[in-house]
Amino acid sequence: MDLKYINYKREGGIAWAQFNRPKKLNALNPDVFRDLEAVVARCEEDDAVRVLILTGNEKAFAAGADIGAMAAGDIGVAYDQTDQTMRVQERLADLPKPTIAAVSGYALGGGCEVALCCDFRIAADNAVLGLPEITLGIIPGGGGTQRLPRLVGLSIAAELIFLGETIKADKAERIGLVNRIVPSDSLEAEATALAEKLIERPAVALRAAKTAIRKGMSTSLKEGLQIEQGVFCMLFGTEDKKEGMAAFLEKRKPKFKGK
Ligand code: CAA
């Protein structure tokens, strides 16, 4: 992969993608999103990848869309950029493998919105999150008005989006924006530990659970329950279901194959 602003590596089943534009606090421009799309495509194709962890550096996960790049933009530019952002973020959110945003420092605007596309957000104790777009005379354009209320509820999302004030890790944890807070120096270790637990789980069932949750969130309860029934029953045809239940009955640890 020819990446300019993301460092990518795979360690066992864990793919690490680290935003790497430190002089601009990892601000997200079309080149960064091009890199992110290449990373997501790699993770889709590479069966060895079981979990994707997105991260930044100590000071910033990503401080938002690149304001310099947006400042001169007109309506057409805004459509072009948001078309790209939406496409890449949907592809990330739909990745049929668990994703973790390991957030240290600033996750603002578009940076927070990328983290919202992940299944889990683990925050270092120095993390600062928020959607400050209103202070620039715009609104979140990377899914924030849609994904944030689905995660934290309408009125908390409205407060964060209308006021544009940033919040620290402890408040982010309290409102459910992040799953948990960890000491800054153990962010990588904690994200790895979570990824390793996920890797022990049956991959087909994980994928099914992610599909049921994601599809169910954008439909009625009745349809969501039907989606769940479909994927639940499908899993009865897998080797992992036979192994998981046999292991329980034989009082041993299951050995899942992802089949
Ligand atoms: N875009 C472009 N450049 C950015 C940036 C951004 N979002 N955030 C930081 N930078 C740049 C700064 O301009 C600065 O560059 P120079 O050294 O060349 O001047 C460098 O990164 C370091 O930043 P600061 O000197 O500002 O660092 P700080 O520690 O004093 O402040 C900060 C940190 C509070 C995060 C501040 O940089 C800031 O407020 N950044 C903007 C945050 C923001 O508004 N994000 C939302 C963007 S809009 C958006 O994301 C739209 C969308 O929904 C898609």
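Laboratory data are not the source of any read-out in this text; all were calculated from the coordinates shown. Small disclaimer: the values here were computed from a predicted structure and weren't measured. So basically every Cβ, Gly included, is an ideal-geometry build from the backbone, and we count neighbours across all protein chains shown.
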When the convex hull of the Cα atoms of segment 202-249 is projected onto a plane and the area is averaged over all directions, what value comes out in nm²?
3.3 nm²
Translational diffusion coefficient, Stokes-Einstein: compute it for segment 1-125 using the Kirkwood radius over C-alpha pairs as Rh, at 10 °C and 1.306 mPa s, and state it as an integer in µm² s⁻¹.
110 µm²/s
Ellipticity estimate at 222 nm from DSSP helix runs (n ≥ 4, -39,500 (n - 2.57)) divided over the chain, nearest 500:
-15000 deg cm²/dmol
Which residue, chosen from 161, 15, 231, occupies the Cα position most advanced towards the positive end of the dipole of the chain, where the dipole is computed from +1 (Lys, Arg) and -1 (Asp, Glu) charges on Cβ about the Cα centre?
231
Within segment 43-100, DSSP-loop trypsin sites (Lys or Arg not before Pro) with at most 16 other C-beta atoms within 10 Å are 59
Taking N as the residue count of the chain, its alpha carbon Rg divided by 2.2 N^0.38 Å gives 1.04
R0 = 30 Å: FRET efficiency of residue 37 with residue 159, Cβ-based, nearest 0.05?
0.40
Please identify the GluC sites (Glu not before Pro) of segment 44-108 that satisfy two criteria: DSSP loop assignment and at most 16 other Cβ atoms within 10 Å. Which are they?
58
Based on Cβ point charges of +1 for Lys and Arg and -1 for Asp and Glu, what charge dipole magnitude is obtained for the chain about its Cα centre, in debye rounded to the nearest 20?
880 debye
Return, for the Cα atoms of segment 157-253, the radius of gyration and Dmax in Å, separated by a comma.
18.7, 56
At 0.36 nm per residue, and after removing the present C-alpha to C-alpha distance, how many nm does the segment from residue 241 to residue 87 gain when stretched out fully?
52.1 nm
Cβ-Cβ FRET estimate between residue 139 and residue 58, R0 fixed at 45 Å, reported to 0.05
0.95
Can you compute the charge dipole magnitude of segment 152-259 about its Cα centre, using +1 on each Lys and Arg Cβ and -1 on each Asp and Glu Cβ, nothing else charged? Give it in debye, rounded to the nearest 20.
600 debye
Using Cα pairs closer than 8 Å and at least 6 residues apart in sequence, work out the relative contact order for segment 6-199, in percent.
20 percent
Farthest toward the dipole's positive end in the chain, which of 184, 117, 205, given Cβ charges of +1 (Lys, Arg) and -1 (Asp, Glu) about the Cα centre?
205
Antiparallel bridges, percent of DSSP beta bridges restricted to segment 6-199 (to nearest 5):
25 percent
Each label point is 7 Å from the Cα along the Cα-to-Cβ direction; what then is the distance between the points at residue 213 and residue 125, in nm?
2.7 nm
Residue 1 versus residue 146: modelled label distance in nm, points set 7 Å from Cα along the beta carbon direction
2.4 nm
